[in-house]
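Written below as structure tokens is the structure these notes are about.
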Amino acid sequence: MPPKIKVMKYTIALIDDQNHESLDRGLAYEKFLLGPNNASAPLELQSYGIQITESSPIARIEPVHIHAARDHLVLTSTEILDLRQDEADALFDSVKDIFAEMATATYRPRTNRWFIETPSLQSLSTVSTEQAQGRNIDHWMPLDTTTAGIARQWRKWQNDIQMIWFNHPVNEARESEGMLPINSIWISGIGSLSVIKPSQPLEEAKLLHSPDSCLSILARYLNKQHVSSLTNNDLLNTISLLSLNDPSANELWTSAGDALINGQLQEIVLIDFPEGQERTRHISIDQFPRKGFGPWKKSITPSLQDILRS
């Protein structure tokens, strides 16, 4: 077979449009980054300088606050908890025997980010706090996949921890200071490095770009370069992961459109996630509007919003 011809392209992935009413387990852009298993925990743990094997089953454990609504329980955003290191140490020490039951190893590289190596729980289906927070947690609790009874065992451990933390001195002190108590834990991102399957655009790109560090961990794993800012000269065979609210999204779209018109690119790949579903469009110069008269008509770059609405 003749070699596959590589297209000169620039890829923009916009991650804002998540339908939070969807009951799909796992956000669409999480699956885009990591594959259907969304094994984010081992990748994050490795980013803290902790060495693990490709097959180590790792889960993320977050100390959380769950509050009661009128007829259900709701997971509170972890960003507002402000857990201190001394509080985290005291809370963990009170339940370390339970962690010894569920895990062969426990790592606590950050106050609000704990990780366990746990062969016994590796078959669970879990979702991130980002997806579950602010919602009725009934649907988002871990579920069994290949082995029955694992989710029930997890809930037992979780309930045991909740009972110990209910009147823990740390939580009594937090409540006296007007802070939310840490009354439960949340498990997510479970899997091993070996099941991480980034989408094809990420595999093909030479350069990974995001204004924050969200792609830097994945870039290191894929042995690719990550940058937080991008110039017009860096567009070729690059993928940008952007928020539509970021001003650089429109700026980079305009730059890519100019490069397409000038022949520096052959296509722009635009990826977004309307209603929680991945959508990919390959945009060529033929899809740009033209202005002028007769042979003097020139292609112009439409706005990013117009392209997204089309």
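The values are calculated or read from the model by the stated rules, or taken from the named source; none is laboratory data. Computed from a prediction, not measured in an experiment: that's the story for all the values here. Note: ideal-geometry Cβ built from the backbone for every residue, glycine included; neighbour counts use all protein chains shown.
Every listed requirement among (1) more than 24 Å from residue 92 (Cα to Cα); (2) at pLDDT below 95; (3) outside the structural domain of residue 217 (by TED's automatic domain parsing) is met by residue 15 save one, (3).
Within 24 Å of residue 49 (Cβ to Cβ), part of a strand (DSSP E or B), among the aliphatic types (A, V, I, L, M) and in contact with a His (Cβ under 9 Å, 6 or more places away or on another chain): does that describe residue 218? So residue 218 does not fit the description; no.
Looking at residue 208, is it within 27 Å of the chain's Cα centre (by Cα), in a helix (DSSP H, G or I) and not small (Gly, Ala, Ser)? Answer is no for this residue.
Across the range 237-273, the number of residues qualifying as over 27 Å from the mean Cα position of the chain (by Cα), more than 21 Å from residue 200 (Cβ to Cβ) and part of a loop (DSSP other than H, G, I, E, B) comes to 3. Once the range 54-69 is narrowed to residues that are assigned to a loop (DSSP other than H, G, I, E, B) and out of contact with any helix residue (DSSP H, G or I) (no Cβ under 6 Å at 6 or more places or on another chain), the residue that is modelled with the lowest pLDDT is 69. Counting residues in the range 242-261 that are surrounded by 14 or more Cβ atoms within 10 Å (Cβ to Cβ), of a type outside the set (Lys, Arg) and over 30 Å from residue 303 (Cβ atoms) gives zero.
Among the candidates 80, 50, 66, 61, single out the residue that is β-branched (Val, Ile, Thr) and under 18 Å from the mean Cα position of the chain (by Cα).
61
If the condition is being touching a strand residue (DSSP E or B) at 6+ places or on another chain (Cβ under 9 Å), over 14 Å from residue 13 (Cα atoms) and in contact (Cβ under 8 Å) with a residue 40 or more places away in the chain, then the range 217-254 contributes 217, 218, 220, 236.
Candidates 28, 59: the one that is touching a strand residue (DSSP E or B) at 6+ places or on another chain (Cβ under 8 Å) and not assigned by TED's automatic domain parsing to the domain that holds residue 218 is 59. The number of residues in the range 239-273 being in contact with a Leu (Cβ under 9 Å, 6 or more places away or on another chain), over 20 Å from residue 16 (Cβ atoms) and of a type in the set (Val, Ile, Thr) comes to 0.
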